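A short write-up of the structure that comes next.
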Amino acid sequence: MNQYLIPPASLQLLIENVVKHNQGNIDNPLIVKIIANADGVVVTHEKRPKKSKVTSLGTGLQNLKSRLALLANKVIQITDTDSFTVKLPL
């Protein structure tokens, strides 16, 4: 896996998004799964929206999409159901 690259700070951005938009506590912590394989890096978590509305412009994911397109001419895959999943191609 050492020969594959993803855009700098992309995992940090995805984890920050999880914390920004979801609630968790000591009794019910947020669980984020990060899986790396030959197909890409997948970051997924169960959606648990915060009770108070979070102001967001959606620029974080859009910037990540743009960076990946510019750096590698590749597209991230986002699945938004009961869980939220982002797959970064290598």
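The values are calculated or read from the model by the stated rules, or taken from the named source; none is laboratory data. As the structure is a prediction and not an experimental result, all values here were calculated from the model. Ideal geometry is used to build each Cβ from the backbone, glycine not excepted, and the neighbour counts take in all protein chains shown. Areas reflect the complete protein model, heavy atoms only, side chains present, ligands, DNA and RNA absent. Shrake-Rupley method; radii C 1.70, N 1.55, O 1.52, S 1.80 Å.
Data for the structure
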| read-out | value |
| --- | --- |
| Probe 1.4 Å, accessible area per residue of the chain, Å² | 71 |
| Sulfur and carbon atoms: percent of accessible area, the chain [1.4 Å] | 55 |
| Whole-number D in µm²/s for the chain (Stokes-Einstein; Kirkwood sum over Cα pairs; 20 °C, 1.002 mPa s) | 154 |
| Inter-probe distance in nm under a simple model that places probes 7 Å from Cα toward Cβ, at residue 71 and residue 48 | 3.0 |
| Residue-span extension gain [residue 9 to residue 38] - 0.36 nm each, minus C-alpha spacing | 8.5 nm |
| Karplus-derived HN-Hα couplings along region 42-47 (A = 6.51, B = -1.76, C = 1.60, θ = phi - 60°), whole Hz, x at Gly and Pro | 10, 10, 9, 7, 6, 6 |
| The chain, relative contact order in percent, only Cα pairs under 8 angstrom and at least six apart counted | 33 |
